[in-house]
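Asker: Sharing a structure with you now.
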């Protein structure tokens, strides 16, 4: 009886220790124009308990060189991982990009590089990530078409997890928990958001809630945010002199394109 009691107390204490979520961090300046914080969430229901951790990088508009890069024309043995691509080209930060069709080949949706349209816009993808004169912009696909924008670089993403301006983009709760990456814009800045693969994945509904919530409520207060390819694809590689973080795509996975941030 005594042993059973001790075991019971141990299980209760263990459950309480596991259930206690680590706190999110405040914004920390990594260098002029780039801040970082970690957002923590604890989700629990009758079926599971999940700890989620997301890295957010808030970057000042106009202070860095921005571009996209597509791997679609390369043979499989010529394609680099996100980490290899960053190190080979000495980039500051590289983030995995959009979706692909088959065999990691053709990207889905609009791809523009150096003003050249490599792949056409797809109406079924609801958001466009575009760069013009060194500024990152996020638009609905409809708005992008109506404005006849001619960006220097562009990718499409889906879905919009925050609709303009600061409205929840995902209204339906789902239980498809995956690792995620997204881009969002706020006043004078944009934010790179990616989940840490050492923790659990999260749903688009949960990601939408974090991106839309006020900073006072431990959110990011995004004006608009667009989801990038998730599941095995999310990856980020950062120059070690800026921040020590490598989140890698699944081994053997090849991302079709990447978003690149560099020193000017």
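The values are calculated or read from the model by the stated rules, or taken from the named source; none is laboratory data. What you see is a predicted model, and the numbers here were worked out from it, not measured in a lab. Quick reminder, even Gly has a Cβ in these numbers, built from the backbone with ideal geometry, and neighbours come from all protein chains shown.
Asker: Take the conditions closer than 19 Å to residue 219 by Cα, surrounded by fewer than 19 Cβ atoms within 10 Å (Cβ to Cβ), in contact (Cβ under 8 Å) with a residue 40 or more places away in the chain and touching a helix residue (DSSP H, G or I) at 6+ places or on another chain (Cβ under 7 Å) and apply them to residue 180. Does it pass?
Answerer: In short, no.
Asker: Could you please find all residues in segment 189-202 being part of a loop (DSSP other than H, G, I, E, B) and either modelled with pLDDT under 95 or farther than 18 Å from residue 175 by Cα (or both)? Talk me through it step by step, then tell me what you get.
Answerer: Applying the first criterion (part of a loop (DSSP other than H, G, I, E, B)) to segment 189-202 yields 196-201.
Passing the criteria: 196, 198.
Asker: A further question on this structure: Checking residue 221 against (1) closer than 26 Å to residue 49 by Cβ; (2) at pLDDT 95 or above; (3) crowded, with 16+ Cβ neighbours inside 10 Å, only one condition comes out false. Which one?
Answerer: (1)
Asker: Given the conditions (1) free of Cβ contacts under 8 Å to residues at least 40 places away in the same chain; (2) part of a loop (DSSP other than H, G, I, E, B), which single one is not true for residue 205?
Answerer: Exception for residue 205: condition (2).
Asker: In addition: Please state which of the following conditions residue 173 fails to meet, knowing it meets all the rest: (1) closer than 21 Å to residue 68 by Cα; (2) surrounded by fewer than 18 Cβ atoms within 10 Å (Cβ to Cβ).
Answerer: Unmet condition: (1).
Asker: Now for a separate question. Can you tell me which residue within segment 97-134, out of those that are closer than 19 Å to residue 180 by Cβ and at pLDDT 95 or above, is surrounded by the most Cβ atoms within 10 Å (Cβ to Cβ)?
Answerer: 127
Asker: Go over the candidates 36, 69, 91 one by one and state the one that is surrounded by 14 or more Cβ atoms within 10 Å (Cβ to Cβ), in a loop (DSSP other than H, G, I, E, B) and touching a strand residue (DSSP E or B) at 6+ places or on another chain (Cβ under 6 Å).
Answerer: Selected residue: 91, the only one of 36, 69, 91 that is surrounded by 14 or more Cβ atoms within 10 Å (Cβ to Cβ), in a loop (DSSP other than H, G, I, E, B) and touching a strand residue (DSSP E or B) at 6+ places or on another chain (Cβ under 6 Å).
Asker: Would you pick out the residues in segment 147-163 that are surrounded by fewer than 23 Cβ atoms within 10 Å (Cβ to Cβ), under 13 Å from the mean Cα position of the chain (by Cα) and over 19 Å from residue 131 (Cβ atoms)?
Answerer: 159
Asker: For segment 100-152, which positions are farther than 18 Å from residue 72 by Cβ, free of Cβ contacts under 8 Å to residues at least 24 places away in the same chain, out of contact with any strand residue (DSSP E or B) (no Cβ under 8 Å at 6 or more places or on another chain) and in a loop (DSSP other than H, G, I, E, B)?
Answerer: Result: 123, 133, 148.
Asker: All but one of (1) surrounded by fewer than 17 Cβ atoms within 10 Å (Cβ to Cβ); (2) farther than 18 Å from residue 97 by Cβ hold for residue 186, so report the exception by its number.
Answerer: Here residue 186 clears every test but (1).
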